[in-house]
Amino acid sequence: MRKLRIREMALADCDRVAEIRVRGWQSAYRGLVPQSYLDGLSVAEDAERRRGHLAQAAAGVVNLVAEDPGGEVVGWACHGPYRDGDLLTSDAELYAIYVHPDHVGHGAGQALLAESVARCAAAGHGHMLLWVLKENGRARRFYERAGFQADGAEEPFEVDGTDVPEVRYARALPR
């Protein structure tokens, strides 16, 4: 495995992170969400949203990127307080993690997840939770290998008029 550098995301990373996020959706969710929705995703529009989210991030929200040895950003993760509706709890939540499809399987996702887990544990969170599409077997196996387990909670999620339910995964964080 090549040595990756995990660092906090900067405003200058927003275009690349948007590309990673959009290409990640188009790759990971093919066959799970309507293809018309995936085809309509815009890197430029997503980059603008990333800039807004980064500039107005709530307390405790952390955006991380993974850089390969050449300095190319190949992955992105975001975590913060767990959201229970409009309430924030004392647990942590992995809001998102994406690796550019050309770099999947090279350790960037594992490195980003490990860093998010370590930072959430250091911040005093007892558990980390996340939501994943119920039918996304690859992602579910990825989280299970990292010590997460489905906890029985399910949530409806709709994409372009199609139901794509999510399941919640959780793991205790080291003290």
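The values are calculated or read from the model by the stated rules, or taken from the named source; none is laboratory data. Everything numeric here is computed off the predicted structure, so don't read it as measured data. As a convention, Cβ positions derive from the backbone with ideal geometry for all residues, glycine included, and neighbour counts pool all protein chains shown. Ligands, DNA and RNA are excluded from the accessible area calculation, which covers all protein heavy atoms including side chains. Shrake-Rupley method; radii C 1.70, N 1.55, O 1.52, S 1.80 Å.
Screening region 21-46 for residues that are in contact (Cβ under 8 Å) with a residue 60 or more places away in the chain and outside any helix (DSSP H, G or I) and picking the one that is surrounded by the fewest Cβ atoms within 10 Å (Cβ to Cβ) gives P34. Scanning region 109-141 for residues that are in a helix (DSSP H, G or I), touching a Phe, Trp or Tyr at 6+ places or on another chain (Cβ under 9 Å) and over 14 Å from V167 (Cα atoms) yields G109, Q110, L112, L113. Annotation note: Cβ proximity below 8 Å between a residue of region 87-115 that is closer than 11 Å to L64 by Cα and modelled with pLDDT under 95 and a residue that is part of a helix (DSSP H, G or I) and open to solvent by 50 Å² or more (accessible area, probe 1.4 Å) (sequence gap 6+ or interchain) occurs for no pair.
Summed over region 146-163, the residues that are in contact with a Phe, Trp or Tyr (Cβ under 6 Å, 6 or more places away or on another chain), surrounded by 15 or more Cβ atoms within 10 Å (Cβ to Cβ) and either among the acidic types (D, E) or at pLDDT 95 or above (or both) give a count of 2. The set of residues in region 79-93 being hydrophobic (A, V, I, L, M, F, W, C) and buried (at least 24 other Cβ atoms within 10 Å of the Cβ) consists of A92 alone. When we screen G107, G75 for residues that are within 15 Å of the chain's Cα centre (by Cα), under 26 Å from P174 (Cα atoms) and surrounded by fewer than 20 Cβ atoms within 10 Å (Cβ to Cβ), the only hit is G107. I'm checking my understanding of the structure. Among residues of region 123-145 that are of a type in the set (A, V, I, L, M) and farther than 12 Å from D91 by Cα, which one is surrounded by the most Cβ atoms within 10 Å (Cβ to Cβ)? Restricting to residues being of a type in the set (A, V, I, L, M) and farther than 12 Å from D91 by Cα, the top hit is V132.
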